[in-house]
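Notes follow once the structure below has been shown.
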Amino acid sequence: MREMERNERNERERREREEEEELERLVLVKEQSRLEDARRILELSGGEPAVGMKVGVARMRFTLPNGKKVDRRFHSSDTVEVLRAFLTLHLEETGVEIKNFGLSTSFPKKTFGEEDNKLTLEEA
């Protein structure tokens, strides 16, 4: 009887470990996919405009929760989605543990949601 209970308990623990490992694997795959999508979006945007370029360029300053400022230039035709992709990769590369973030302007005050991803910076 004890042998049977021990075997059942061991089998249950083994299944729980396998389920936990599978969940961890799925989370890792989802995170890798998110980063690959961000890289693809940034690559398709054509990268940061040249320093001397003045027309069709928007300079953005992002303020992180720790107070650090991040400056970058974007094409005016880039979309809000490109901004999100840039921030996703920047946060990952600098080791900042932020997965969900919002984008907003300070003046005039406006918050950009996922539904605004296709707006160009010129339109926004």
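The values are calculated or read from the model by the stated rules, or taken from the named source; none is laboratory data. Since this is a predicted model, take the numbers as computed values, not measurements. Here the Cβ is made from the backbone with ideal geometry for all residues, glycine too, and neighbour counts use every protein chain on show. Side chains are part of the model used for accessible areas, which takes the heavy atoms of the whole protein and leaves out ligands, DNA and RNA. Shrake-Rupley method; radii C 1.70, N 1.55, O 1.52, S 1.80 Å.
At a glance:
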| item | result |
| --- | --- |
| Meets criteria (in contact (Cβ under 8 Å) with a residue 40 or more places away in the chain and touching a Lys or Arg at 6+ places or on another chain (Cβ under 9 Å)) for Phe74 | yes |
| Close pairs (9 angstrom Cβ cut-off, 6 or more residues apart or separate chains): polar (S, T, N, Q) in segment 38-50, surrounded by 12 or more Cβ atoms within 10 Å (Cβ to Cβ) and outside any helix (DSSP H, G or I) anywhere | Ser45/Phe74; Ser45/His75; Ser45/Ser77; Ser45/Asp78; Ser45/Thr79 |
| Count of residues meeting criterion [over 13 Å from Pro49 (Cα atoms), open to solvent by less than 20 Å² (accessible area, probe 1.4 Å) and outside any helix (DSSP H, G or I)] in segment 70-92 | 1 |
